[in-house]
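Before any comments, here is the structure.
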Amino acid sequence: MQSLITWLKWLFFAAVLLLILVMAVEFVASNAGLVTISYLGYQTPDGSLAWYLLLAFVVGGLLGVVSASFAVSRLWMRNKSLGRKLARRTAELKSLHESVIKGTD
């Protein structure tokens, strides 16, 4: 049953990805007008505004993934550190309990 759910998740992911690809191709095909973008004295060559928008979308998505991966890795390292600290405290507590039981304060 678990493999079926995993397979359906991948199928759904592939369908959504294909839908996004088809929508991007339609967007580029529908907006074929040429533009020149000028910013801070730099000019791009004549190109389709749709391509520039898609490029900005992809770059923004990649920057979002990279920034999120930094945050996740930082939290993962903190979690590992807290896990080690918890293990040390648990061992210390266990040894204190054993010493009280033995009566060797």
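What are the semi-axes of the equivalent ellipsoid for the chain, taken as the square roots of 5 times the Cα gyration tensor eigenvalues, largest first, in whole Å?
On the way: eigenvalues 642, 114, 4 Å².
For the chain, the ellipsoid semi-axes come out as 57, 24, 5 Å.
Among THR6, SER81, ILE20, which residue has its Cα positioned farthest towards the positive end of the charge dipole of the chain, with +1 placed on the Cβ of Lys and Arg, -1 on the Cβ of Asp and Glu, and the dipole taken about the Cα centre?
Ranked along the dipole, the leading option is SER81.
Multiply the residue gap between SER38 and MET1 by 0.36 nm, knock off their C-alpha separation, and tell me the result in nm, one decimal place.
7.8 nm
Could you check how much of the accessible area of the stretch 1-87 is carbon and sulfur, as a whole percent, using a 1.4 Å probe?
On the way: 5840 of 7690 Å².
Of all accessible area on the stretch 1-87, carbon and sulfur atoms account for 76 percent.
Probe of 1.4 angstrom, ligands and nucleic acids ignored: what's the accessible area per residue over the chain, in square angstrom? Walk me through the numbers on the way to the answer.
Working: 9520 Å² over 105 residues.
That works out to 91 Å² for each residue.
How far apart, in nanometres, would the label points at LEU93 and VAL28 be if each is projected 7 angstrom from Cα along the Cα-to-Cβ direction?
The modelled label-to-label distance comes out at 5.8 nm.
As I understand it, the value is the acute angle between the Cα axis of helix 2-30 and the longest principal axis of the Cα atoms of the chain; what does it come to in degrees, rounded to 10?
Once rounded, one gets 30 degrees.
Dipole magnitude of the chain about its Cα centre, charges +1 at Lys/Arg Cβ and -1 at Asp/Glu Cβ only, in debye to the nearest 20? If you can, show how the numbers build up before the last one.
Details: 10 positive and 5 negative charges, 174 e Å.
So the magnitude is around 840 debye.
Roughly how many whole Å is it from the C-alpha centroid of the stretch 1-51 to that of the stretch 66-101?
43 Å
Between ILE101 and PHE57, what is the spin-label point distance in nm, taking each point 7 Å from the Cα along the Cα→C-beta axis?
That separation, rounded to one decimal, is 6.4 nm.
Determine the principal axes of the Cα atoms in the stretch 43-105, then give the extent along each, sorted from largest to smallest and rounded to whole angstroms.
85, 16, 7
The values are calculated or read from the model by the stated rules, or taken from the named source; none is laboratory data. Predicted model only: the values in this text are computed from it and were never measured. Heads up, the Cβs are rebuilt from the backbone with ideal geometry, glycines too, and the neighbour counts pull from every protein chain shown. SASA here: full protein model, heavy atoms, side chains in, ligands and nucleic acids out. Shrake-Rupley method; radii C 1.70, N 1.55, O 1.52, S 1.80 Å.
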